[in-house]
Amino acid sequence: MADNFTFELVSPEELLASGDAQIVTLPGTEGDMGVLAGHAPVMTSLRPGLVTANLTEGGETSYFVRGGFADISPAGVTILAEFAVPQKDLTREMFEEQKRIAQEDYDKHHAAGDEAKAANARSYLDQLNHMEPSILPA
Amino acid sequence: MASLKDLRNRIASVKATQKITKAMQMVAAAKLRRAQQAAESARPFSQRMDAVMANIASAIGDSESAPKLLSGTGNDQTHLLVVATAERGLCGGFNSSIARLARDKARELRASGKQVKILPIGKKGADILKREFADLMLPTVDLRDVKHVGFENANAIAKQVLDLFDSGEFDIATLFYAEFKSVISQIPTAQQVIPPEIAAVDSEPEANSASTMYDYEPDESEILEDLLPRNVAVQIFRALLENAASEQGARMSAMDNATRNAGEMIDKLTLTYNRQRQAQITKELIEIISGAEAL
């Protein structure tokens, strides 16, 4: 049995999850990563996607997050997300809203001629489109 | 001397007023609880944010490459005052005390030859500041239709502020709001958000060593670039929540006072009314008796 570490998921509005976890997978900007206890300290920003934590209490739980970053240290993982919601509570309207925000972001950067940021926003949007069927209730 | 009927009407009207203020007080109390809860549950986020900001900022330091949002434009000629107040009145000195703080600051800045722009959030503060600084006002941010302040609201305001910053409209932004201490005490506060005041990194050796060891993915400057605008939104969000709680607190105590005053007034009026009625009865009795004696 793997060691436990503290996992916290915070959105601006509230503390969504806090507890002991064995493993947490999160969508980093440069690729998904799985975190076990005793991980080296890393700070990474996040793509839109699913954070999955294997919690001691409550078992495996998934959250949809957008924007923000994860603060990983040997002691635990803290995720600060601009928008976060448990996957089971995610509705189609919420998801459409997220896509709209991503689209706006893209349009803004594209109009400003900032291609690097535009490409980034574009990939976020693609990511959202790509995972839409898999995480939304039919 | 007011007639008995006048007094009766007066008492009835004060009683009606008292009912209204009493109801407003109770509504404010209920809303206060919710607003306080919202402010409390938002606290972990801004605390962590502050910690991370302090970490990264100390890692990057004052290097040339530091983004403008962190180090400032190197100028302090134009100031933006973001003044957050309520959309509604009848909450004691809440709106005016925030507006006063902003006004003093604006006067001070103008006296020292700086340029000032004011971005009001909420109608009440805008109305007060318009009297003196009509030419400095940017369009008011209207939150009248917003029941519960969400992060999106703060984000929209932050976007507006950042756009202004990017187009070089100002150098320094200060946020005005009332910090919620307790129901009877809300403290008008000014906080500089651009460039941010970074709290000194904890001097705990543990925290320090942790910060130097961090791996950044992507690198520090990119994360920082992502983080800084977000920090502005978080600060504004926090201010809005504090304000919401403060507003309800101020309204609650103001309405409590009003209810008490109305009660006192009713007592006084009732006393006058009874006295006058008694005087009239006595007068009538005297008339009857002296009439009987004359016979």
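What is the ratio of the Cα radius of gyration of the protein assembly as shown to 2.2 N^0.38 Å, with N the residue count, to two decimals?
Details: Rg = 29.1 Å, N = 433, 2.2 N^0.38 = 22.1 Å.
With N residues counted in the protein assembly as shown, Rg over 2.2 N^0.38 Å equals 1.32.
Helix B:94-111 versus the longest principal axis of chain B: what angle, 0 to 90°, nearest 10, using Cα atoms?
Helix B:94-111 and the main axis of chain B meet at about 50 degrees.
For B:Ala86, what residues show an amide H to amide H distance below 5 Å, using hydrogens built from the backbone and excluding near sequence neighbours?
Residues meeting the criterion, in which the H sits 1.01 Å from N, are B:Lys124, B:Gly125.
Mind giving me the nanometre distance, one decimal, between the label points for A:Glu97 and B:Ala279, set 7 Å out from Cα along Cα→Cβ?
Taking the simple label geometry, A:Glu97 and B:Ala279 are separated by 6.5 nm.
Roughly how large is the A-B contact in terms of buried accessible area, totalled over both chains, probe 1.4 Å, nearest 100 Å²?
2300
Given the alpha-carbon gyration tensor of segment B:1-127, what are the semi-axes of its equivalent ellipsoid in whole angstrom, ordered largest first, with each equal to the square root of 5 times an eigenvalue?
47, 23, 8
Quick one: divide the alpha-carbon radius of gyration of segment B:125-194 by 2.2 N^0.38 Å and tell me what you get.
Working: Rg = 14.1 Å, N = 70, 2.2 N^0.38 = 11.1 Å.
Ratio of Cα Rg to 2.2 N^0.38 Å: 1.27.
Run the numbers on segment A:22-49: which residues show a drop of 20 Å² or more in accessible area, chain on its own versus all protein chains together, using a 1.4 Å probe over heavy atoms?
Relative to the lone chain, where solvent access is computed with a 1.4 Å probe, segment A:22-49 loses at least 20 Å² at A:Glu30, A:Pro41, A:Val42, A:Met43, A:Thr44, A:Ser45.
Measure off 7 Å from each Cα along the Cα-to-Cβ vector at B:Glu179 and B:Glu197, then give the distance between these two points in nanometres to one decimal.
Simple spin-label model gives 0.8 nm for this pair.
Given A:Lys108/B:Lys117; B:Lys5/B:Lys268; B:Lys19/B:Lys268; B:Lys105/B:Lys130; B:Lys15/B:Lys268; A:Lys117/B:Lys159, which pairs have Cα atoms separated by over 19 Å?
Table pairs above 19 Å Cα-Cα are A:Lys108/B:Lys117.
Given a 1.4 Å probe, how much area per residue of the protein assembly as shown is accessible, in Å²?
For the protein assembly as shown, the per-residue accessible area is 52 Å².
Using the Cα centre of chain B as origin and beta-carbon charges of +1 (Lys, Arg) and -1 (Asp, Glu), tell me which of B:Asn243, B:Ser3, B:Leu138 is placed farthest towards the positive end of the dipole.
B:Ser3
Just to check I understand the Karplus step: with θ = phi - 60° and J = 6.51 cos²θ - 1.76 cosθ + 1.60, what whole-Hz values come out for segment A:80-93, glycine and proline as x?
Result, rounded to whole Hz: 9, 10, 5, 9, 8, 8, x, 4, 5, 9, 5, 10, 4, 4.
Determine the dipole magnitude for the protein assembly as shown: charges of +1 sit on the beta-carbon of Lys and Arg, -1 on that of Asp and Glu, nothing else is charged, the reference point is the Cα centre, and the result goes in debye to the nearest 20. Display every interim value, and only then the final one.
Details: 45 positive and 61 negative charges, 733 e Å.
The calculated dipole for the protein assembly as shown is roughly 3520 debye.
Can you compute the radius of gyration and Dmax for chain B, using only the Cα atoms, both in Å?
Rg, Dmax (Cα atoms, Å): 28.1, 114.
Roughly how tilted is helix B:123-133, in degrees to the nearest 10 and between 0 and 90, from the longest Cα axis of chain B?
Its long axis makes an angle of about 80 degrees.
Taking the simple approach of a point 7 Å from Cα along Cα-to-Cβ for both A:Ser62 and B:Ala59, what is their distance in nm?
3.0
Mind putting a number on the dipole of segment A:8-138 about its Cα centre? Charges go on the C-beta only, +1 for Lys and Arg and -1 for Asp and Glu, and I need it in Debye to the nearest 20.
Charge dipole of segment A:8-138: 240 debye, to the nearest 20.
What are the ³J(HN,Hα) values, in whole Hz, obtained from phi via the Karplus relation 6.51 cos²θ - 1.76 cosθ + 1.60 with θ = phi - 60°, for each residue of segment A:52-59 in sequence order, with x given for Gly and Pro?
Result, rounded to whole Hz: 10, 10, 9, 8, 4, 9, x, x.
Output the peptides A:111-120, B:242-251, B:25-34 sorted from most to least packed, where packing is the average of other Cβ atoms within 10 Å over each peptide's residues.
Averaged packing, sorted descending, gives the order B:242-251, B:25-34, A:111-120.
Using just the helices of chain B, give the 222 nm mean residue ellipticity in deg cm²/dmol: DSSP H runs with n ≥ 4 each add -39,500 (n - 2.57), and the total is spread over all residues, rounded to 500. Intermediate results must be reported in sequence, preceding the final value.
Details: 7 runs with 190 residues, N = 295.
-23000 deg cm²/dmol, from helical runs alone.
Under the definition of partner shielding as Cβ atoms of other protein chains within 10 Å of a residue Cβ, what is the mean value for peptide A:66-79?
3
When the accessible area of segment A:91-135 is computed with all protein chains present and a 1.4 Å probe, what percentage of it is carbon and sulfur?
Heavy-atom surface of segment A:91-135 belonging to carbon and sulfur, 1.4 Å probe: 53 percent.
Full-extension gain between A:Ile135 and A:Glu14, please, as 0.36 nm times their residue separation minus the C-alpha to C-alpha distance.
The span from A:Ile135 to A:Glu14 would gain 41.3 nm if fully extended.
On each of the three principal axes of the Cα atoms of segment A:5-87, give max minus min coordinate, whole Å, ordered largest first.
Projected onto its principal axes, the Cα set of segment A:5-87 covers 27, 26, 18 Å.
Based on Cα coordinates alone, diagonalise the gyration tensor for segment A:91-135, multiply each eigenvalue by 5, take square roots, and list the semi-axes in whole Å, largest first.
Square roots of five times the eigenvalues give 22, 11, 4 Å.
Would you be so kind as to list the residues of segment B:229-243 that have their accessible area lowered by at least 20 Å² in the full protein complex compared with their chain by itself (1.4 Å probe)?
Those residues are B:Arg230, B:Phe237.
I'd like the trypsin sites (Lys or Arg not before Pro) in segment B:61-144 restricted to DSSP loop residues with at most 11 other Cβ atoms within 10 Å, sorted by number.
Passing sites in segment B:61-144 are B:Arg144.
Round to a whole number: what % of the accessible area of segment B:64-176 belongs to carbon and sulfur, probe 1.4 Å?
Working: 2550 of 5560 Å².
Its accessible area is 46 percent carbon and sulfur atoms.
Among B:Thr189, A:Ala116, A:Thr91, whose Cα sits farthest toward the positive end of the charge dipole of the protein assembly as shown (+1 at Cβ of Lys/Arg, -1 at Cβ of Asp/Glu, about the Cα centre)?
Result: B:Thr189, furthest along the dipole toward the positive end.
To the nearest 20 debye, what is the magnitude of the charge dipole of segment B:118-190 about its Cα centre, counting +1 on the Cβ of each Lys and Arg and -1 on the Cβ of each Asp and Glu?
Rounded to the nearest 20 debye, it is 440 debye.
The values are calculated or read from the model by the stated rules, or taken from the named source; none is laboratory data. Just so we're clear, the structure is a prediction, and the values are computed from it rather than from any experiment. Don't worry about glycine lacking a Cβ; one is built from the backbone with ideal geometry, like all the others, and counts go over all protein chains shown. Ligands, DNA and RNA are stripped out before the accessible areas are found, and what is left, the full protein with its side chains, is counted by its heavy atoms. Shrake-Rupley method; radii C 1.70, N 1.55, O 1.52, S 1.80 Å.
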